[in-house]
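Visitor: Take this structure, written in structure tokens, and hold onto it; I'll ask about it next.
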Amino acid sequence: MTEASPRPRRILVKLSGEALLGNAECGIDPDVLARLAQDIADCARAGTETAVVLGGGNIFRGAGLASRGMDRVTGDHMGMLATVMNALAMQDALERLGVPTRVMSALKINQVCEDYIRRRAVRHLEKGRVVLFAAGTGNPFFTTDSAASLRAVEINADLMVKATMVDGIYSADPKRDPEARFYPRITYDQALRERLGVMDLTAVVLCRDNGIPLRVMSIFEPGALQRVAAGEDIGSLVEPGHEA
């Protein structure tokens, strides 16, 4: 039986771009997009103020081309634009479900979405709108994990949720190592010490130093996001507290 946790008032969900792939090699699977949008919609309709950061790896990875000679800043800017495309797709899917949604970009693209302004983002959330944060931090060399942690801090989120390809945090890749140990609950210090790869170091330290708990869960379980928002203990919880 799962253990109940305090119900968060406001959450930030980090979705990788690969989450939108489905069985495709690149791009967006409409069925996967619709299912994820339904999960987010259910969460918002249950009264949880919901923000989302989407990656862009299903469309473009700047670091990959940078390793083959492309200027890293150019590649990262292209990756940021890919996240805007994913956010616009998610906005469309949510609005088709009747959920008011705003895309806010760290890069100025006024003709397709709003600029990111912290106070305006918080106001959207207070009015019950889902807010999709796009274009990372607006700066090269920062991952979307770091962008998600930064936005979670800025909007005073009670919980950050990282929806991944596995059902929580393990000591090793459970697909490759059947002996991998599952961690239902750990501290950020432990995650850093054991190099568990929960998120990149900048993202982990941002959450740890600002007291934001992180829930790592599977993207493949329909309805799990709403259950997490209701306080159910799903996946793995990373806590800011220090180890005994």
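Visitor: Just to verify a result, which residue in the range 152-189, among those that are more than 19 Å from the chain's Cα centre (by Cα) and among the acidic types (D, E), is modelled with the lowest pLDDT?
Guide: Ranking the qualifying residues of the range 152-189, first place goes to D173.
Visitor: I'm checking my understanding of the structure. Among residues of the range 231-244 that are surrounded by fewer than 16 Cβ atoms within 10 Å (Cβ to Cβ) and touching a Pro at 6+ places or on another chain (Cβ under 7 Å), which one is nearest to S146 (Cα to Cα)?
Guide: Once the filter is applied, the top-ranked residue is P240.
Visitor: Another one. Pull up the range 213-244, narrow it to residues that are farther than 19 Å from L54 by Cα and of a type in the set (A, V, I, L, M), then point me to the one that is modelled with the lowest pLDDT.
Guide: A244
Visitor: As an exercise: evaluate L94 against (1) assigned to a helix (DSSP H, G or I); (2) surrounded by fewer than 22 Cβ atoms within 10 Å (Cβ to Cβ) and give the number of the one condition it does not meet.
Guide: Against the list (1) assigned to a helix (DSSP H, G or I); (2) surrounded by fewer than 22 Cβ atoms within 10 Å (Cβ to Cβ), L94 comes up short only on (2).
Visitor: Next question, about the same structure. If you scan the range 94-112, which residues turn out to be within 15 Å of A51 (Cα to Cα) and in contact (Cβ under 8 Å) with a residue 12 or more places away in the chain?
Guide: L94, V99, P100, T101, R102, V103, M104, S105, A106
Visitor: A follow-up question, please. It is to be established whether one or more residues within the range 29-42 are more than 21 Å from P222 (Cα to Cα), exposed (fewer than 14 other Cβ atoms within 10 Å of the Cβ), at pLDDT below 95 and not polar (S, T, N, Q).
Guide: Among the residues of the range 29-42, not one is more than 21 Å from P222 (Cα to Cα), exposed (fewer than 14 other Cβ atoms within 10 Å of the Cβ), at pLDDT below 95 and not polar (S, T, N, Q), which makes the answer no.
Visitor: Moving on to the next point. In the range 169-190, is there at least one residue being closer than 28 Å to A89 by Cβ, surrounded by 15 or more Cβ atoms within 10 Å (Cβ to Cβ) and touching a Ser or Thr at 6+ places or on another chain (Cβ under 6 Å)?
Guide: no
Visitor: Just name the residue that is farthest from L12 (Cα to Cα) out of those in the range 192-230 that are crowded, with 22+ Cβ neighbours inside 10 Å and small (G, A, S).
Guide: Restricting to residues being crowded, with 22+ Cβ neighbours inside 10 Å and small (G, A, S), the top hit is A203.
The values are calculated or read from the model by the stated rules, or taken from the named source; none is laboratory data. Model, not experiment: these values are computed from the prediction. Every residue, glycine as well, gets a Cβ built from its backbone with ideal geometry; the counts of neighbours run over all protein chains shown.
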